[in-house]
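> Have a look at this one before I ask anything.
The values are calculated or read from the model by the stated rules, or taken from the named source; none is laboratory data. Keep in mind that what you see is a predicted model, and the values were worked out from it rather than measured. As a convention, Cβ positions derive from the backbone with ideal geometry for all residues, glycine included, and neighbour counts pool all protein chains shown.
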Amino acid sequence: MSNVITVARAKHWSEEKKVVFADCRFDLSDPDKGQQKYDEGHLPGAVYFDLEKSLSGEIKQHGGRHPLPELESFKETLANAGIDRETFVIAYDQNRSVMAARMLWLLKYVGHGKVYLLDGGIDAWTKAGLPLEKEAPRLERAASYPIELQHDMACGEAYVRARQDEENTVLVDSRSFERYAGWKEPIDIKSGHIPGAVQYDWVDVYKEDGTWKSKAELQQHFQELSDHKEIIVYCGSGVTAASNVIGLWEAGMDQVKLYVGSFSDWISYQENEVATIDKQ
């Protein structure tokens, strides 16, 4: 089954199943904006998950700008949101599933299979004429979540370094071409990309209205990657790369790992080289 569901199906499920809507809106340039938007209006019963407070851990010397949260902390986050093994989690963003994709990937990584993305996000919900609410829900705490890590979904710097020259492994850089080429770097202290990586901008898995491209469109988009036995996806800090990971899944490719720390982790090791492209 697809990881992406329509507004109509999400509404139906919310009436028939145990569902928690996860509001994942977040603005990297204004970290308080997501919470503000949630307070102004969210899907009925939705719980807010902050990228930096709920879905990321403490920044250290290595691990990148958005390392994964500590497992015990994330277990508490899920329990406090009323999420247990039987809960269907439907994550949403504004339109593109940028931060919601991080939520979905993270839940699957800790072993929760019942998680989906709302296609088109809150914009699609309101466009369908469905209501929002401003009040935060009264949550019934769930039992402590039994985490079962799916280790094959993730990798770190040492693994990438060991695999980057393997013939059947391909590294996918999910950032814009300007950042990949090293022409522009608004965040990290070095510019360029991991040597050998190919560039697939994460925005290209979405249509102009923020909904997901079809399976056929994604298969065509990623067709040059299909013969590789292993696809390692990264971005700047492991967040936007999740859109490409899910896009690859939707295209039928499951041999995919997320380099969690991504480029910001790679460059934290001084010995690691970066590649750039000269402007013509």
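> Among (1) exposed (fewer than 14 other Cβ atoms within 10 Å of the Cβ); (2) without any contact (Cβ under 8 Å) to a residue 60 or more places away in the chain, which single condition is residue 40 missing?
Among (1) exposed (fewer than 14 other Cβ atoms within 10 Å of the Cβ); (2) without any contact (Cβ under 8 Å) to a residue 60 or more places away in the chain, the lone unmet condition for residue 40 is (2).
> Additional query: Identify all residues within region 77-91 that are in contact (Cβ under 8 Å) with a residue 60 or more places away in the chain and in a helix (DSSP H, G or I); write none if there are none.
Across region 77-91, the qualifying residues are 78, 79, 80.
> Which pairs do you get when a residue that is basic (Lys, Arg), found in region 3-17, comes within reach of a residue that is at pLDDT 95 or above and surrounded by 15 or more Cβ atoms within 10 Å (Cβ to Cβ), reach meaning Cβ atoms under 7 angstrom, with the pair 6+ apart or on two chains?
11/130; 17/88
Residue-wise test of (1) within 13 Å of the chain's Cα centre (by Cα); (2) of a type outside the set (D, E, K, R); (3) modelled with pLDDT of 95 or more.
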{"site": "11", "(1), (2), (3)": "no, no, yes"}
{"site": "21", "(1), (2), (3)": "no, yes, yes"}
{"site": "47", "(1), (2), (3)": "no, yes, yes"}
{"site": "61", "(1), (2), (3)": "no, yes, yes"}
{"site": "91", "(1), (2), (3)": "yes, yes, yes"}
{"site": "99", "(1), (2), (3)": "yes, yes, yes"}
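> Restricting to region 94-114, count the residues that are outside any helix (DSSP H, G or I) and either in contact with a Ser or Thr (Cβ under 9 Å, 6 or more places away or on another chain) or under 12 Å from residue 243 (Cα atoms) (or both).
Total meeting the criteria: 5.
> Now for a different question. Is it true that some residue in region 63-71 is touching a Pro at 6+ places or on another chain (Cβ under 8 Å) and crowded, with 17+ Cβ neighbours inside 10 Å? Break it down into steps so the answer makes sense when it comes.
Filtering region 63-71 for residues touching a Pro at 6+ places or on another chain (Cβ under 8 Å) gives none.
No.
> I need the helices (runs of 4 or more DSSP H) fully contained in region 162-280, keeping only those with at least 3 residues that are of a type in the set (A, V, I, L, M) and surrounded by 14 or more Cβ atoms within 10 Å (Cβ to Cβ).
Values: elements: 177-181, 215-221, 241-250, 262-266.
So the answer is 241-250.
> So, in region 189-227, exactly how many residues are over 18 Å from residue 3 (Cα atoms) and small (Gly, Ala, Ser)?
Qualifying residue count for the region: 5.
> Just the residues that are farther than 23 Å from residue 16 by Cβ, out of contact with any Asp or Glu (no Cβ under 7 Å at 6 or more places or on another chain) and crowded, with 17+ Cβ neighbours inside 10 Å, please, taken from region 76-96.
If the condition is that a residue be farther than 23 Å from residue 16 by Cβ, out of contact with any Asp or Glu (no Cβ under 7 Å at 6 or more places or on another chain) and crowded, with 17+ Cβ neighbours inside 10 Å, then 77, 93, 96 are the ones that fit.
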